[in-house]
Amino acid sequence: MENTILQLNWQEARKFFLDEEKYYTFDLPWYFSFWKLLWKISNQIQDKEIESFFSRDQHPKNIENINYTLFHNKDGEYWWRALKLVHPVLYVALVHKITKEENWIYLQKKFEEFKTNSVVNCFSIPVLPKEQSASYSSVQANTWVRKIEEQSMILSLKFDYLLKTDIVSCYASLYTHSIARALHWKEQSKNNRTDKTFLGNNIDWYIQLMSYGQTNGIPEWPVIMDFIVEAVLGYVDWLLTDSIKDIKKEEYEIYRFRDDYRIFVNNPSIWERILKELTQILGDFWLKINANKTIMEKDFLAASMKADKLAYLDIQQFIANSHFHSDIDNKFTTQTTFNIQQKLLLMYRFSKLYPNSWSLVKGLNIIYRQISSWRQTRKDPSVLISIVTEIAYKNPRTYTICVSLLSKLLSFNNDEVRKKLLEKIHLKFKKIPNTWHLEVWLQRLSYPIQKDILYSDQLCKVVLDKSVSIRDNSWLKGNLFTTMESTDIVDRKVLENLDRIIQEKEVDFFEKKNPYKE
């Protein structure tokens, strides 16, 4: 059985949340480094209240863009999401507040109460890696596979129907006042809305500071926000349990991973009742069930896994089989080129059927491994570059692995040709709106070849000029203001020693942690 963060003491929990890997869970090139900044702030704040660091002239709640937002396109067109780097001072202050000894003990007891009095099997409390080299994301993904996918298959022996549903835009819709309600019960929180001795009110206040004073929505990407959402949904689970206590426990099973629910029944009327109760409870928190993703399934094996994962099984063997082991020196020959071209075209077709899927990323990772040992020859890789670029164009989830593939394929050209191809790739992607996240990775691709390419994203500008600021720090005073203004978030040593070829370990989000951030 895995250990979760709830098994940690307050000091260990603080260290956990201050780990850079928990500060943001999306992928950035290795030369971005926030861990020094986070720990400097932590040492300066210690047990002081955050208000003592506010300047007289400005208040964080009045600053609209206090966080840094990196826009990420989701479909190659007009569907996008905002990746937020929460202001480090507010982030660290929130971590300190939650992991204050008495507060952490209170939270541990509250989660234990949710668990003891709930029929919902929750598998999304952040799990601790058993090995130091394991990434946080890989551990959580493995938990999903073992606890949700595999257990769903096992339950097919007991139940006939599986209902899958989730919450619409859970993080973006969450009402911040509901945090106090979850941690202190409805009546207490209602009668003590401004009482700062209530932990829930403090958390609510900190999130408002990060959100321009808004009470709807919380930043999605720090792990501590996952933990806060778990507190609210743990309370929802507790309320759901109370509302369906008249239904015999053997007639259903409920699994939850974050905002995804799976309800197992033999009688369809049971899930209708459960879903009705869940919908009403969520409504009190300004949350609602996603009608478009609410599906009743009878085929448990198919329903337990995502459609792209099942479809990928049909092509996995072909993708994994290299067909060119006879090339002793791994030269980039006509035969090997044709073989990889076939595989890339197959993945392109797969991307049309299952766009932006993790199975697509997995297949491209395998292809990258197959060409990683190729030696430079005179063979023109332009066709392969075109296919990879086209896959990335409509599948933003593949940006990092596709950029890695491009870095390898570009290495088969001289500098002059590389620069021309880079320009074409750059112009191609400029047609897509909200691709600031992609720009960061295109800069990783281009920097070792041509450092002075200008990108519009502020993070890209920081790479070229460490004096560039990505946030408004005018609300801070004293040492914290100086720390924010003077601490470089780019590891210049790593930057200047970049390999022209992006290694798989740099972009495999589920493989291992960045060795430069220990």
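Treating only the Cβ atoms of Lys and Arg (+1) and Asp and Glu (-1) as charged, compute the dipole magnitude of the chain about its Cα centre; round to the nearest 20 debye. Please list the in-between numbers first.
Values: 71 positive and 65 negative charges, 197 e Å.
For the chain, the charge dipole is close to 940 debye.
Residues of segment 417-487: accessible area per residue at 1.4 Å, in Å²?
Here the residues of segment 417-487 average 47 Å² of exposed surface.
Can you give me the relative contact order of the chain as a percent, contacts being Cα pairs under 8 Å and 6 or more apart? Show your work: numbers first, answer last.
Numbers: 745 pairs, mean separation 120.1, N = 518.
Relative contact order comes out at 23 percent.
Taking square-rooted eigenvalues a ≥ b ≥ c of the alpha carbon gyration tensor, is the chain rounded, prolate or oblate, where a/c under 1.5 means rounded and, failing that, a/b exceeding b/c means prolate?
Details: a/c = 2.19, a/b = 1.24, b/c = 1.77.
Oblate.
What's the ranking of 397-408, 82-93, 213-224, 449-460 by average number of surrounding C-beta atoms within 10 Å, highest first?
Working: 397-408: 24.8, 82-93: 23.2, 213-224: 18.8, 449-460: 14.9.
Descending packing order for the listed peptides: 397-408, 82-93, 213-224, 449-460.
How long is the gain from Asp499 to Phe338 if the chain were fully straight, where each residue apart is worth 0.36 nm and the alpha carbon distance is subtracted? If you can, show how the numbers build up before the last one.
Working: separation 161, 0.36 × 161 = 57.96 nm, distance 2.68 nm.
This chain segment gains 55.3 nm when fully extended.
About the Cα centre of segment 87-220, how large is the charge dipole given +1 on each Lys and Arg Cβ and -1 on each Asp and Glu Cβ? Please answer in debye to the nearest 20. Could the numbers behind the result be given before it?
Values: 15 positive and 13 negative charges, 48 e Å.
Here the size comes out at about 240 debye.
Fully extended, how many nm does the chain gain between Leu464 and Met296 (0.36 nm per residue separation, minus their Cα-Cα distance)? Please list the in-between numbers first.
Values: separation 168, 0.36 × 168 = 60.48 nm, distance 5.21 nm.
Value of the extension gain: 55.3 nm.
Which of Thr99, Asn202, Leu427 sits farthest toward the positive end of the charge dipole of the chain, with +1 on the Cβ of Lys and Arg and -1 on the Cβ of Asp and Glu?
Most positive-ward Cα: Leu427.
Kindly state, to the nearest 0.05, the FRET efficiency for Lys36 paired with Lys248, given R0 = 51 Å and r defined as their beta-carbon distance.
Values: r = 56 Å, r/R0 = 1.10.
Given R0 = 51 Å and the Cβ-Cβ separation, E is 0.35.
Projecting each Cα onto the charge dipole of the chain (Lys/Arg +1, Asp/Glu -1 at the beta carbon, about the Cα centre), which of Leu410, Ser474, Ser359 comes out farthest on the positive side?
Checked the options; the winner is Leu410.
What FRET efficiency would be calculated for the residue pair Lys420, Leu454, taking the C-beta separation as r and a Förster radius of 22 Å, to the nearest 0.05? Provide the component values of the computation, followed by the final result.
Details: r = 17 Å, r/R0 = 0.79.
Result of the calculation: an efficiency of 0.80.
Give the calculated FRET efficiency between Asp57 and Arg146 to the nearest 0.05, with a Förster radius of 41 Å applied to their Cβ-Cβ distance. Can you show the working numbers first?
On the way: r = 53 Å, r/R0 = 1.28.
The calculated FRET efficiency here is 0.20.
Taking only DSSP H segments of four or more residues, each worth -39500 (n - 2.57), what value at 222 nm results for the chain once the sum is divided by all its residues, to the nearest 500 deg cm²/dmol?
Values: 25 runs with 260 residues, N = 518.
Dividing the helical sum by the residues of the chain leaves -15000 deg cm²/dmol.
So if I place +1 on the C-beta of Lys and Arg and -1 on the C-beta of Asp and Glu, and nothing else carries charge, what would the dipole magnitude of segment 156-274 be about its Cα centre? I want it in debye, nearest 20. Please report the intermediate quantities before stating the final value.
Details: 14 positive and 17 negative charges, 49 e Å.
Magnitude of the dipole: close to 240 debye.
For segment 137-181, compute Rg over Rh where Rg is the Cα radius of gyration and Rh is the Kirkwood radius from the inverse mean 1/r over Cα pairs.
Numbers: Rg = 15.3 Å, Rh = 13.4 Å.
Rounded to two decimals, Rg/Rh equals 1.14.
Per 0.36 nm of contour for each residue apart, how much would the distance between Glu131 and Ser169 grow if the chain were fully extended, relative to their Cα-Cα spacing? Let's see the in-between values first.
Values: separation 38, 0.36 × 38 = 13.68 nm, distance 3.26 nm.
Once the chain is fully extended between Glu131 and Ser169, it gains 10.4 nm.
Could you provide, to the nearest whole Å², the per residue accessible area of segment 347-397 with probe 1.4 Å? Intermediate results must be reported in sequence, preceding the final value.
Numbers: 2430 Å² over 51 residues.
Each residue of segment 347-397 exposes 48 Å² on average to a 1.4 Å probe.
Hand me the GluC sites (Glu not before Pro) from segment 115-177 located in a DSSP loop with no more than 14 other Cβ atoms within 10 Å, in residue order please. Could you put the intermediate results ahead of the total?
Numbers: sites: Glu131, Glu149, Glu150; in loops: Glu131.
Qualifying residues, ordered by number: Glu131.
With each pseudo-label sitting 7 Å past Cα toward Cβ, what's the Ile315-Lys158 distance in nm, one decimal?
3.7
Looking at segment 180-315, what % of the alpha carbon pairs are farther apart than 21 Å?
For segment 180-315, the fraction of Cα-Cα distances above 21 Å is 54 percent.
So with the 1.4 Å probe, I'd like the accessible area per residue for segment 1-123, rounded to whole Å². Show your work: numbers first, answer last.
Working: 5780 Å² over 123 residues.
Value returned for segment 1-123: 47 Å² of accessible area per residue.
By per-residue mean of other Cβ atoms within 10 Å, what is the highest-first order of 287-293, 476-482, 123-129? Before the final figure, lay out the partial values.
Numbers: 287-293: 14.1, 476-482: 16.4, 123-129: 18.3.
Result, highest mean Cβ count within 10 Å first: 123-129, 476-482, 287-293.
At 27 angstrom or more along the helix axis (alpha-carbon based) and mean Kyte-Doolittle of 0.0 or higher, what helices does the chain contain? Whole DSSP H runs only. Can you show the working numbers first?
Numbers: long enough: 223-243 (30 Å, 1.22); 334-353 (29 Å, -0.17).
Answer set is 223-243.
How many angstrom separate the Cα center of segment 1-35 from the Cα center of segment 378-402?
Between the Cα centres of segment 1-35 and segment 378-402 lies a distance of 32 Å.
Taking a temperature of 25 °C and a viscosity of 0.890 mPa s, what whole-number D in µm²/s does Stokes-Einstein yield for segment 387-518 with Rh from Kirkwood over alpha carbon pairs? If you can, show how the numbers build up before the last one.
Numbers: Rh = 16.3 Å.
Estimated via Stokes-Einstein, D reaches 151 µm²/s.
How many percent of the accessible area of the chain is carbon or sulfur, using a 1.4 Å probe?
Values: 11840 of 24020 Å².
Carbon with sulfur: 49 percent of the solvent-accessible area.
With a 1.4 Å probe and all protein chains kept in place, how do Trp286, Trp35, Trp374 rank by accessible area, largest first? Numbers along the way, then the final one.
Working: Trp286 140, Trp35 80, Trp374 10 Å².
Of Trp286, Trp35, Trp374, the descending order of accessible area is Trp286, Trp35, Trp374.
What pairs from Lys147/Lys276; Lys249/Lys306; Lys420/Lys451; Lys428/Lys505; Lys158/Lys249 go past 18 Å between their alpha carbons? Display every interim value, and only then the final one.
On the way: Lys147/Lys276 25 Å; Lys249/Lys306 28 Å; Lys420/Lys451 14 Å; Lys428/Lys505 26 Å; Lys158/Lys249 13 Å.
Over 18 Å apart, Cα to Cα: Lys147/Lys276; Lys249/Lys306; Lys428/Lys505.
Please list, by residue number, everything in segment 461-477 whose backbone N is under 16 Å from a paramagnetic label point 7 Å out along Cα→Cβ of Glu485.
Within reach of a label on Glu485: 466-477.
Of the trypsin sites (Lys or Arg not before Pro) in segment 104-160, which ones lie in a loop per DSSP and count no more than 12 other C-beta atoms within 10 Å? Provide the component values of the computation, followed by the final result.
Details: sites: Lys109, Lys110, Lys115, Lys130, Arg146, Lys147, Lys158; in loops: Lys130, Lys158.
Here the sparse-neighbourhood loop sites are Lys130, Lys158.
The values are calculated or read from the model by the stated rules, or taken from the named source; none is laboratory data. These figures come from a predicted structure and were not determined experimentally. With ideal geometry, Cβ positions are generated from the backbone for all residues, glycine too; neighbour counts draw on all protein chains shown. Note: areas computed on protein heavy atoms with side chains; ligands, DNA, RNA excluded. Shrake-Rupley method; radii C 1.70, N 1.55, O 1.52, S 1.80 Å.
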